[in-house]
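Inspection log for the structure reproduced underneath, given as structure tokens.
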Amino acid sequence: MRRFALLFCLMLFALPALAQYPSRPVTMLIGYPAGGLVDIVARLMVEGMKTRFPSGMVVVARPGAAGAVAIGELTRAPADGYTVVLTPASALVIAPQMNDLAYRTPDDYDPFINLIAYYPLIGVRSESKYRTIQELLTDAKDNPGLIRVGSPGEGTSSHLNLEELMRNVGVKMMHVPYNGWAQSSVATLGGHIEAVVAQPGELKHMVDGKRMRALLNFTPQRHAAFPDAPTAKELGWDVAYGIWFMLLAPKGTPAAEARYLHDAAKTAIEDPKFGAMMNARGIDVDYRPGEALRADLWREYRQHTEVLRRVGMLKK
């Protein structure tokens, strides 16, 4: 009887501890510098989730290795619900197939919610002689390797969409990697490159301001933000690699904490203000829960294995 009473008291003491999550601040890691889209979305998420986290949430940037530094830190963090990472899928399905990292596959962490999705576009400056994507590609066929097309960097989704487009069309253009939009936009506007692959949030204000034209969208269907830009698929080229932003927790995070994080994040992306801010950038809110998201990541991982092998970038 005494042993039962002792066990009962221990359970009473344990229950409040179990109910305390979150009892301290939660860290949201990002693998990219401040001011970029990942940082913007992370801070919007923290703002939308803060009512569920009375001790606070803090965004911590760990830039480097195309987002892999932050994810590597996440995989080493305790699986207690106090560390998450907001990342694009490219850092999960492309980077670990190109480099030796602390994680390898979608089974090395716990994705618990997808937030947004978008697809890159090909744009040219408004003074360009190219009015359509067909004109650009015809010139590329006539002048192999001379048409220069910028991207945010080697191995990015933008770069791989470009490589797959060239393969489907049967043309060769010169890929020019830059360190983000700040560099590639200047190069495009200055006429140093003929075209650029960019995300919709970057290109939209340039198109609206008549400084650039969108020639091709890699979305599966035309996007309302770029109604005049045809899709690769409608022109007969099966190229549509999108970019998703999602939240991950360390592998083995308890189900209760993961559900709490998921519900808080879902509330944040369902806020009309969040949707309006994404829509203004040509980006879609794209909710997907954890296990469905893991299956999607595995599908994309295998697809990118083949793409990386074709372009000679698959890790040996």
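The values are calculated or read from the model by the stated rules, or taken from the named source; none is laboratory data. The shown structure was predicted, so the numbers you read here are calculated from the model rather than taken from an experiment. In this analysis, Cβ positions are derived from the backbone assuming ideal geometry, glycine residues included, and neighbour counts consider all displayed protein chains. The protein model used for the area step is the full one, side chains on, heavy atoms only, and it has no ligands, DNA or RNA in it. Shrake-Rupley method; radii C 1.70, N 1.55, O 1.52, S 1.80 Å.
Miscellaneous remarks
- Across the alpha-carbon atoms of region 139-288, the computed radius of gyration and Dmax are 18.0, 60 angstrom.
- The distance separating the Cα centre of region 110-144 from that of region 239-316 comes to 22 Å.
- Whole-angstrom gap from region 162-235 to region 17-65, using each part's C-alpha centre: 31
- Mean projection area, nm², convex hull over Cα of region 204-279: 7.4
- On the beta carbon distance between residue 99 and residue 276, with R0 = 35 Å, the FRET formula returns roughly 0.40.
- Prolate/oblate/rounded call for region 47-124, Cα gyration tensor, a/c under 1.5 rounded: oblate
- Stokes-Einstein diffusion for the chain, with the hydrodynamic radius set to the Kirkwood value over Cα pairs and evaluated at 10 °C in a medium of 1.306 mPa s, equals 76 µm²/s.
- Heavy-atom accessible surface of the chain: percent carbon and sulfur, 1.4 Å: 56
- P(r) tail fraction, region 79-227 - alpha-carbon pairs more than 26 Å apart, %: 31
- Using the empirical formula 2.2 N^0.38 Å as the baseline, the Cα radius of gyration of region 230-316 reaches a ratio of 1.40.
- Once the chain from residue 285 to residue 141 is taken as fully extended at 0.36 nm per residue, the excess over their C-alpha distance is 48.1 nm.
- For the chain, the membrane-span-like helices by this rule, meaning whole DSSP H stretches whose C-alpha atoms cover at least 20 Å of axis and whose Kyte-Doolittle mean is -1.0 or above, are 2-18, 255-269; this says nothing about an actual membrane.
- Counting only Cβ charges, +1 for Lys and Arg and -1 for Asp and Glu, the dipole size of the chain around its Cα centre is about 400 debye.
- Stretch gain in nm, segment residue 211-residue 132, where the contour uses 0.36 nm per residue and the Cα spacing is subtracted: 26.9 nm
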